[in-house]
Amino acid sequence: MTTSIEIKRVEKSNISSVDFDNLPFGSVYSDHMLTCDFVNGKWQSPKIEPFAPISLMPSAKIFHYGQSIFEGMKAYKDKDENIMLFRPEENWKRLNKSAKRLVIPEIPEDIFMDGLKALLELDSDWIPTNEGSSLYIRPFMFATGNGFHASPADAYKFVVCTAPSGAYFGGKVKVLIEENYARAANGGVGFAKAGGNYAAQFYPTQLAIEKGYNQVIWTDDNTHEYIEEAGAMNIFVRINDTLLTSPTSDRILDGVTRKSILQIAEDNGIKTEVRKISVTEVVEAAKNGNLKEMFGAGTAAVISPIAGFGYKEDDFDLPVLENPYASQLKKLITDIQTNKTEDPYGWRVMI
Ligand SMILES: *Cc1c(COP(=O)(O)O)cnc(C)c1O
């Protein structure tokens, strides 16, 4: 390790209060967090300190102008207590892509990687080993600099917190294809993991929930004729035996899970197509029985199968398949992530 990290440990670990057999998603936090400040034009030395409130002035620009970005990753521990990450470089690169778009200074690779490794080693007991569980990792950066002037801040904070988490939501997920609202627009920040993108999704999602759905399928902002993402996940649609997903763009986030699934599918004999997917073709396929599956893909849930969708006045159920692509692909990817199989891609990173 090259980066020097000052470590201040908790006086007493909180781990004994946690029920590892009944973990929620993302609401129980490990003992420590990594922090690093950007002040006077440069990133200072990273620190590891107890997970605790962060103090800011009311004039901090994060509160007023929303310079705030994040990442989502997971750490896994295998039977032999090896700790591993999945394609962490991709998260570091994407955090900096988001940073650039929001005029937040980019975080150097060594602070991100060495800091994360040190944090995971210190809190390694927090990495669950139960099937489907993992340590969810939330790196984020935000403006701490002050002023009511609408301009980028002069100071920022990079933080990494972790949360031991059980398997993500199950149950029957019903989605609503959106006709009015959009999560992203050309030239906007949809490709970035900017906090504001998610704030903007909550209201349309709440309306969908009131109508009896669980989640929104986002369509393009211009015509609402093409499906783009499933909530905060990338979307896959299986028509007959072909797996389709929308191309990434200004509006569609370049998910690590999405591109890993595309690769794994291709290498396991599943035909894939990356192209625009029209609402009309999905509705048609649902009507004539060619629509076999829809699922969301993202780090938190890995793959989240969709049981049915609503569009305008109609509701459509998806068939219940024997061995759906969703289950096949979820197993293939999680076996790589958790060291249950060979990793021909070099995606797994041991710590
Ligand atoms: C994070 C995210 C995804 C999934 O990205 P992963 O790298 O697979 O976790 C997809 N869409 C949106 C809008 C996201 O925020």
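Below are the figures for this structure:
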| item | result |
| --- | --- |
| In the stretch 179-204, the residues that are within 21 Å of residue 258 (Cα to Cα) and charged (D, E, K, R) | 183, 193 |
| Residue 227 vs. criteria within 14 Å of the ligand (Cβ to nearest atom), farther than 18 Å from residue 300 by Cβ and surrounded by 17 or more Cβ atoms within 10 Å (Cβ to Cβ) | yes |
| Residue count, the stretch 324-348 (criterion: exposed (fewer than 15 other Cβ atoms within 10 Å of the Cβ) and of a type in the set (S, T, N, Q)) | 1 |
| Wholly enclosed strands (runs of 3 or more DSSP E) of the stretch 1-114 bearing at least 1 residues within 16 Å of the ligand (Cβ to nearest atom), in contact with a strand residue (DSSP E or B) (Cβ under 8 Å, 6 or more places away or on another chain) and in contact (Cβ under 8 Å) with a residue 40 or more places away in the chain | 68-70, 73-77, 83-86 |
| Hits in the stretch 182-215 (condition: part of a loop (DSSP other than H, G, I, E, B) and within 14 Å of the ligand (Cβ to nearest atom)) | 182, 183, 184, 185, 188, 189, 190, 191, 192, 193 |
| Criterion: assigned by TED's automatic domain parsing to the domain that holds residue 256 and more than 16 Å from the ligand (Cβ to nearest atom) - qualifying residue of 329, 318 | 318 |
| Any hit, the stretch 153-160, residues being farther than 27 Å from residue 134 by Cβ, assigned by TED's automatic domain parsing to the domain that holds residue 99 and either part of a helix (DSSP H, G or I) or touching a helix residue (DSSP H, G or I) at 6+ places or on another chain (Cβ under 8 Å) (or both) | yes |
| Criterion: at pLDDT below 95 and within 23 Å of the chain's Cα centre (by Cα) - qualifying residue of 68, 98, 4, 27 | 27 |
| Candidates 145, 132 - the one that is in contact (Cβ under 8 Å) with a residue 12 or more places away in the chain and either surrounded by 22 or more Cβ atoms within 10 Å (Cβ to Cβ) or touching an Asp or Glu at 6+ places or on another chain (Cβ under 6 Å) (or both) | 145 |
| Test: residue in the stretch 288-300 that is exposed (fewer than 15 other Cβ atoms within 10 Å of the Cβ) and charged (D, E, K, R) | no |
| Residue within the stretch 279-291 that is under 24 Å from the mean Cα position of the chain (by Cα) and more than 16 Å from the ligand (Cβ to nearest atom) present | no |
| Residue check, residue 241 over 16 Å from the mean Cα position of the chain (by Cα) and either among the β-branched types (Val, Ile, Thr) or modelled with pLDDT of 95 or more (or both) | yes |
| Inter-residue pairs, beta-carbon under 7 Å, first over 17 Å from residue 91 (Cβ atoms) and in the stretch 191-205, second away from the ligand (no atom under 11 Å from the Cβ) and charged (D, E, K, R), 6+ apart | 204/178 |
| Members of the stretch 233-258 that are within 11 Å of the ligand (Cβ to nearest atom), farther than 27 Å from residue 289 by Cα and touching a residue at least 60 places away in the same chain (Cβ under 8 Å) | 251, 252, 253, 254, 256, 257 |
| Residue in the stretch 255-269 that is farther than 22 Å from residue 232 by Cα and either of a type in the set (Val, Ile, Thr) or crowded, with 17+ Cβ neighbours inside 10 Å (or both) present | no |
| Number of the condition not met by residue 275 [criteria: (1) under 18 Å from residue 228 (Cα atoms); (2) in contact (Cβ under 8 Å) with a residue 40 or more places away in the chain] | (2) |
| Strands (runs of 3 or more DSSP E) within the stretch 272-351 that include 1 or more residues touching a strand residue (DSSP E or B) at 6+ places or on another chain (Cβ under 6 Å) and over 20 Å from residue 132 (Cβ atoms) | 291-298, 308-311, 314-317, 348-350 |
| Single unsatisfied condition, residue 198 versus (1) at pLDDT 95 or above; (2) surrounded by fewer than 19 Cβ atoms within 10 Å (Cβ to Cβ); (3) farther than 30 Å from residue 117 by Cβ | (3) |
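Results for (1) within 30 Å of residue 305 (Cβ to Cβ); (2) touching a helix residue (DSSP H, G or I) at 6+ places or on another chain (Cβ under 8 Å); (3) assigned by TED's automatic domain parsing to the domain that holds residue 10, shown as yes or no for each residue.
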position	(1), (2), (3)
105	no, yes, yes
110	no, no, yes
135	yes, yes, yes
142	no, yes, yes
178	yes, yes, no
189	yes, yes, no
199	yes, no, no
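The values are calculated or read from the model by the stated rules, or taken from the named source; none is laboratory data. These numbers were taken from a predicted model, which means no experiment stands behind them. Heads up, the Cβs are rebuilt from the backbone with ideal geometry, glycines too, and the neighbour counts pull from every protein chain shown.
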